[in-house]
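*Asks:* First the structure, which I've put down as C-alpha cells, then a few questions once you've had a look.
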Amino acid sequence: MSSKVPPIVLNNGVEMPQLGFGVWQVPDDEAERAVATALEAGYRSIDTAAIYGNEEGTGRAVAASGIPREEVFVTTKLWNSDQGYDSALRAFDTSLGKLGLEYVDLYLIHWPTPARGKFVDTYKALEKLHAEGRVRAIGVSNFLPEHLEHLIAEASVIPAVNQIELHPHLQQHAAREYHAEQGIATEAWSPLGQGKGLLEVPAIVAIGQKHNRTPAQVVLRWHLQLGNIVIPKSVTPSRIRENIEVFDFSLDTEDLAAISALNEDRRLGPDPATFDVA
Ligand code: NAD
C-alpha cells in the first residue's frame, strides 16, 4: 500500500511525512512486529532512538518490508551520555550499524541537558554528518527556545526539527511560535498524551461522535491541522491502522477552538531545563 500521508517540507527541502510511527518503550522484537504492521498500514516514517534499545528491530522491519529505502523516513536520536563532538560521531556509527542503514533521514539530539554544556559541540558533529550526506536532516528534541537561541547563535545549519512533548493538555504556544519564526518544524511527541485521560475528555469524545471518529483520531487530526508533525505509538494492530486513518476528514473551527480550550500547560514527561539521565 502506498503512503496516504502528506509531507512537511523541512527547511533544507527534505520532505518528511507529517505522520509517523513512534516506538518508545517497545522492546526490540515487538518493535520489529509493530514497525512491520505500521509499514503495511501505510506509515512511511519511523521514530526510534538509541536509548529505546530497538534500533535493530526497527531496521530489520524496514529491510524486510521490501519498501525502497528512499521511501521510508527513519529518525533516530543521540542519547545524553553520548553528548560531545567525538562521542556523538561514534554514537551515530553505532546507531547506523544497529539500524543496518547507510544513512538516516533525521538525527536528533535527544535532550539538551544544559548543565553538561555540550549541546553545541554535539550539534557540530551532527553538522559534519549532514555535510557528509550520512544524515539528510539534523535537529533537536526537547530544546526550549532559550536552548535553541544559544544553539542557533553558534550553528551553521538551523535545526530542521524540534521534537517536543505536545498534546491538547500541553499546547506549547510559545515554542511553536518561536519554531515558526526560525523555520524549524515542530514535531509532537506523546501526541495522544500517552493515551491516558486525554482520550476520555468529554469535549474530545463529543467531537469524535460528531465526525464518527475515535478520540485518538480527533487528537491526531487537531495536530495535523495545526501543522505539527506527529508520531503516535501503539503496538495494537487495529490502533496502528486507526491512527493513520486521519486524512479523510476535517475538524471545523468550532472543534479546533474546543480542543484549544483544553490547554493546561501540563507536562507528562520531564522538564527539559533539568532532565539529565545518563
Ligand atoms: P502517545 O501519545 O503516542 O500515546 C501512546 C499510547 O496511547 C499507547 O501506548 C496506547 O496506550 C495509547 N493509544 C495509541 N493509539 C491509541 C488509540 N488509537 N486508541 C486508544 N489508545 C491509543 O505516546 P508516546 O509513545 O509517549 O509518544 C509517541 C512517540 O513519541 C514515542 O513512541 C516516541 O517515538 C516519541 N517520544 C519522544 C520523546 C522524546 O524525548 N523525544 C519522549 C517520548 C516519546
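The values are calculated or read from the model by the stated rules, or taken from the named source; none is laboratory data. In this text the structure is predicted, and so the values were computed from the model without any measurement. So basically every Cβ, Gly included, is an ideal-geometry build from the backbone, and we count neighbours across all protein chains shown.
Per-residue answers, yes or no, for (1) of a type outside the set (S, T, N, Q); (2) touching a Leu at 6+ places or on another chain (Cβ under 9 Å):
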residue: L108; (1), (2): yes, yes
residue: T113; (1), (2): no, no
residue: D121; (1), (2): yes, no
residue: E149; (1), (2): yes, no
residue: I152; (1), (2): yes, no
residue: Q171; (1), (2): no, yes
residue: E177; (1), (2): yes, no
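*Asks:* Could you give me the residue pairs with C-beta distances under 6 Å whose first residue belongs to region 11-29 and is over 19 Å from V140 (Cβ atoms), whose second residue is polar (S, T, N, Q) and not in a loop (DSSP other than H, G, I, E, B) wherever it lies, and which are 6+ apart or on separate chains?
*Replies:* If the second residue must be polar (S, T, N, Q) and not in a loop (DSSP other than H, G, I, E, B), the pairs left are P17/S45.
*Asks:* I need the full set of residues from region 238-267 which are within 12 Å of L220 (Cα to Cα), more than 15 Å from the ligand (Cβ to nearest atom) and of a type in the set (S, T, N, Q), in order please.
*Replies:* Passing the criteria: only S250.
*Asks:* I would also like to ask the following. Whether any residue in region 222-237 is of a type outside the set (V, I, T), assigned to a helix (DSSP H, G or I), loosely packed, with under 13 Cβ neighbours inside 10 Å and within 14 Å of the ligand (Cβ to nearest atom) is what I want to check.
*Replies:* Within region 222-237, none of the residues are of a type outside the set (V, I, T), assigned to a helix (DSSP H, G or I), loosely packed, with under 13 Cβ neighbours inside 10 Å and within 14 Å of the ligand (Cβ to nearest atom).
*Asks:* May I pose another question? Can you tell me how many residues within region 143-196 are among the aromatic types (F, W, Y) and either at pLDDT below 95 or more than 10 Å from the ligand (Cβ to nearest atom) (or both)?
*Replies:* Going through region 143-196 one residue at a time, the tally reaches 2.
*Asks:* Please state which of the following conditions T58 fails to meet, knowing it meets all the rest: (1) on the phi < 0 side of the Ramachandran plot; (2) polar (S, T, N, Q); (3) within 14 Å of the ligand (Cβ to nearest atom); (4) surrounded by fewer than 20 Cβ atoms within 10 Å (Cβ to Cβ).
*Replies:* (4)
*Asks:* Right, something else. Need pairs with beta-carbon distance below 8 Å; first residue over 16 Å from P215 (Cβ atoms) and in contact (Cβ under 8 Å) with a residue 60 or more places away in the chain and within region 233-250, second among the charged types (D, E, K, R) and outside any loop (DSSP other than H, G, I, E, B); sequence gap 6+ or separate chains.
*Replies:* V235/E30; V235/R33
*Asks:* Suppose we keep only residues that are surrounded by fewer than 22 Cβ atoms within 10 Å (Cβ to Cβ) and assigned to a helix (DSSP H, G or I) within region 205-215. Which one would you say is nearest to the ligand (Cβ to nearest atom)?
*Replies:* The extreme case among them is P215.
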